[in-house]
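Student: Below you will find the structure I want to go over with you.
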Amino acid sequence: MSDTEKSAQTQPNESAEPSFRYNAKLAQGIEEKWQKIWDDEGTFWAANVNGDLKDGKGHNAEGRPSYFAMDMFPYPSGKGLHVGHPLGYLATDVVSRYHRMKGENVLHAMGYDAFGLPAEQYAVQTGQHPRITTEQNIANMRRQLHRMGLSFDNRRSFATIDPGYVRWTQWIFSRIYDAWYDEDATNPSGSRGCARPISTLVEQFESGKRAIPGFEGKAWADLSEAEQADVLNDFRLAYISKSPVNWCPGLGTVLANEEVTAEGKSERGNFPVFQRELRQWSMRITAYGHRLIEDLDTIDWPEKVKLMQRNWIGESHGASVHFDVETPNGVKDMEIYTTRPDTLFGTTFAVVSPEHHLLEDVPAEWPAETPEDWKGGYATPVEAVKAYRLAAEAKTAKDRVDEAGEKTGLFTGLYAINPITGAKLPLFTADYVLMDYGTGAIMAVPGGDQRDYDFAVKFGLPVIYTVKPLPESGDDLANYEGKAPFVSHDGIVINSSIDATKAKG
């Protein structure tokens with residue numbers, strides 16, 4: 001054989017890729033091989049303590065330490081996963097494999113949060129039943145997750161539209177609905193306060209052991225069925241409330257704050273969003289505020305995450321203060337919750353949410369000597385309140401409480417009586433007060449709150465600074481300078497700005 005013939009034979013072999021070079025094709029072959037083995041052998045199966053659900057070797061838990069790894073459920077509204085999904089799923093998969101290699105019984109499963117607005121809107125637009133689209137998307141996501149080789153026990157994976165899942169969520173809701181929070185009962189951990197069947201509350205009303213709120217002196221049997229239902233609604237852990245929501249007529253549904261753009265439009269469809277007061281189901285989670293904070297100490301979370309949770313829970317201790325409000329329809333009660341009842345002496349005005357019930361009783365005419373800038377340019381309080389309510393509806397809750405936003409509001413024509421001093425406080429309405437936060441009404445103490453101070457300055461309202469011993473620190477004393485006029489409790493202006501040295505003297 002000539003050298004030319006030899007060269008022609010060897011040249012293709014020399015340019016051919018080695019059999020075991022690690023490239024995309026080899027990687028895919030390895031992945032498919034081992035993923036099949038894991039599936040066939042049930043490598044990632046989690047075993048129950050007893051029963052049919054065993055691990056891949058046919059054993060129950062048999063005393064092995066258990067470990068539960070939970071992921072955020074993907075929402076099957078699109079054709080498949082986006083790049084952000086693997087970011088979290090790979091991290092929990094690493095943790096799951098680590099604990100599994102330690103011999104622990106690891107439960108790592110996946111679910112699909114299949115209910116929601118995108119699926120509904122797609123059905124409206126296409127006329128196709130949302131279950132068809134949703135199940136197609138779930139099938140594709142399962143395929144993608146499987147190709148990633150994640151260590152899920154697929155026997156335990158589910159979607160929130162599965163009848164079995166819906167059945168148990170409804171069962172849980174029925175248990176919550178038929179329960180109330182008894183502050184005097186002892187819970188399993190030994191501390192006070194726990195849920196009890198609503199029937200135990202009815203027994204207390206029937207026996208007279210507990211007074212019936214709003215019907216003191218009456219027997220439970222004397223109340224109508226509707227009245228009894230209203231009383232129990234104020235105790236149930238799942239109850240019907242009426243509160244402001246982000247209502248989107250174009251979508252025919254309520255939206256979360258995150259689903260509303262900065263322009264006040266729906267993120268999906270770009271439809272206008274309005275504030276509406278609607279009846280809806282609520283959970284009395286505030287009853288568990290103290291226990292939620294205490295239980296954070298039992299969780300192995302980073303301290304900064306626990307701090308975020310404590311701030312979110314927002315447990316506070318204070319008092320309910322009742323102000324009499326003189327209206328054309330008689331004296332009405334205005335309840336205010338405050339963590340600082342000692343600042344009642346510094347209250348110079350009060351503010352209610354645009355949704356507050358007191359605005360149904362504003363006078364037909366402005367009181368005499370009402371400043372023009374309090375009226376907002378309107379001829380009567382009724383006209384002013386109606387227009388302001390419409391303006392507030394066009395804002396989201398986030399826009400209304402934005403610290404950087406301009407404070408708006410107007411006088412209602414009503415006055416509240418300070419229960420401590422007897423002073424008549426002008427009652428304003430302002431959209432920075434939310435109906436679903438506290439009681440929807442605040443007593444404004446501009447001498448101690450920046451937002452109240454800004455509002456007071458805008459409308460020319462007095463500012464009271466409660467006199468108290470000043471600290472020795474020069475830095476702390478400096479905080480008293482440059483403030484608004486210092487006004488005593490009898491309303492007399494002492495000086496235009498507090499001089500720390502003179503005030504201390």
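What follows is calculated from the coordinates using simple rules that are stated; it is not laboratory data. What you see is a predicted model, and the numbers here were worked out from it, not measured in a lab. Cβ sites come from the backbone with ideal geometry, for glycine too, and all protein chains shown count toward neighbours.
Student: Can you sort Cys248, Cys194 by how many other beta carbons sit within 10 Å, fewest first?
Tutor: Listing Cys248, Cys194 from fewest to most nearby Cβ atoms yields Cys194, Cys248.
Student: Checking the a/c ratio against 1.5 first, then a/b against b/c, what shape does the Cα gyration tensor give for segment 319-459?
Tutor: Because its axes are fairly even, with a/c under 1.5, segment 319-459 counts as rounded.
Student: Which of the following values of P(r) over Cα pairs in 20 Å bins from 0, in percent was calculated from the structure shown: [x] 19, 42, 28, 9, 2, 0; [y] 15, 38, 30, 12, 3, 1, 0; [z] 24, 54, 20, 1?
Tutor: Derived directly from the coordinates: [y].
Student: If you take the square roots of the eigenvalues of the alpha-carbon gyration tensor of segment 176-313 and sort them as a ≥ b ≥ c, do you get rounded (a/c under 1.5), prolate (a/b over b/c) or oblate?
Tutor: Because a/c hits 1.5 or more and a/b fails to exceed b/c, segment 176-313 counts as oblate.
Student: What is the spin-label model distance, in nm, from Asn257 to Tyr98 if the labels are put 7 Å beyond Cα along the C-beta direction?
Tutor: Modelled inter-label distance: 3.4 nm.
Student: If you take the charge dipole of the chain about its Cα centre, with +1 on Lys and Arg Cβ and -1 on Asp and Glu Cβ, which of Thr253, Asn154, Tyr67 is farthest toward its positive end?
Tutor: Positive-most Cα among the choices belongs to Asn154.
Student: Taking the Cβ of each residue in Ile293, Ile138, Ile172 as the centre, tally the other Cβ atoms inside 10 Å and list the residues starting with the fewest.
Tutor: Ile172, Ile293, Ile138
Student: A further question follows. With Cβ to Cβ distances under 11 Å as the rule, what net charge do the other residues near Glu315 carry (K, R +1; D, E -1)?
Tutor: Overall, the nearby charge balance is +1.
Student: Here is a further query. Whole-Hz Karplus ³J(HN,Hα) for segment 255-261, in order, using 6.51 cos²θ - 1.76 cosθ + 1.60 and θ = phi - 60°, x for Gly and Pro?
Tutor: Computed from phi, the couplings for segment 255-261 are 10, 6, 4, 5, 8, 10, 6 Hz.
Student: If amide H atoms are built 1.01 Å from N in the plane of the peptide, which residues on other chains or at least 5 residues away come under 5 Å of the amide H of Ala159?
Tutor: Correct list: Tyr112.
Student: In segment 61-134, what GluC sites (Glu not before Pro) fall in a loop by DSSP, with at most 11 other Cβ atoms inside 10 Å?
Tutor: Those satisfying the criteria are Glu62.
Student: Where the centre of each part is set by its Cα atoms, how far does segment 78-145 sit from segment 339-374, in angstrom?
Tutor: Each part reduced to its Cα centre gives a spacing of 51 Å.
Student: Still on this structure, please answer the following. Using unit Cβ charges (K, R positive; D, E negative) and no other charged atoms, how large, in debye to the nearest 20, is the dipole of the chain about its Cα centre?
Tutor: Rounded to the nearest 20 debye, it is 1380 debye.
Student: Going down the table (Lys332/Lys386; Lys265/Lys407; Lys102/Lys304), which pairs top 25 Å between alpha carbons?
Tutor: Violating the 25 Å Cα-Cα cut-off are Lys102/Lys304.
Student: Taking the Cβ of each residue in Glu225, Glu135 as the centre, tally the other Cβ atoms inside 10 Å and list the residues starting with the fewest.
Tutor: Ascending number of Cβ neighbours within 10 Å: Glu225, Glu135.
Student: Pull out a ≥ b ≥ c, the square roots of the eigenvalues of the alpha-carbon gyration tensor of segment 270-348, then state rounded if a/c is under 1.5, prolate if not and a/b is larger than b/c, and oblate in the remaining case.
Tutor: Taking the square roots of the gyration eigenvalues as a ≥ b ≥ c, segment 270-348 is oblate.
Student: A follow-up question, please. Once fully extended, how much extra length lies between Glu365 and Ser207, figured as 0.36 nm per residue of separation less the alpha-carbon to alpha-carbon distance?
Tutor: 51.9 nm
Student: Dividing the Cα convex hull volume of segment 24-161 by residue count, how many Å³ per residue is that?
Tutor: Considering the Cα atoms of segment 24-161, their hull volume per residue is 127 Å³.
Student: Considering only the other residues whose Cβ falls under 13 Å of the Cβ of Arg210, what net charge follows from Lys and Arg at +1 and Asp and Glu at -1?
Tutor: Neighbourhood net charge equals -4.
Student: Using per-residue counts of other Cβ atoms within 10 Å, averaged over each peptide, order 21-27, 154-160 from highest down.
Tutor: 154-160, 21-27
Student: Residue farthest toward the positive end of the dipole of the chain, with Cβ of Lys/Arg at +1 and Asp/Glu at -1: which of Pro244, Gln128, Gly460?
Tutor: So the residue we want is Gln128.
Student: Add -39500 (n - 2.57) for each DSSP H run of 4 or more in the chain, then divide by its residues: what number comes out at 222 nm, to the nearest 500 deg cm²/dmol?
Tutor: About -10000 deg cm²/dmol.
Student: Okay, next question. Between Tyr177 and Phe20, what is the label-to-label distance in nm when each label sits 7 Å out along the Cα-to-Cβ direction?
Tutor: Inter-label distance under the simple model: 6.5 nm.
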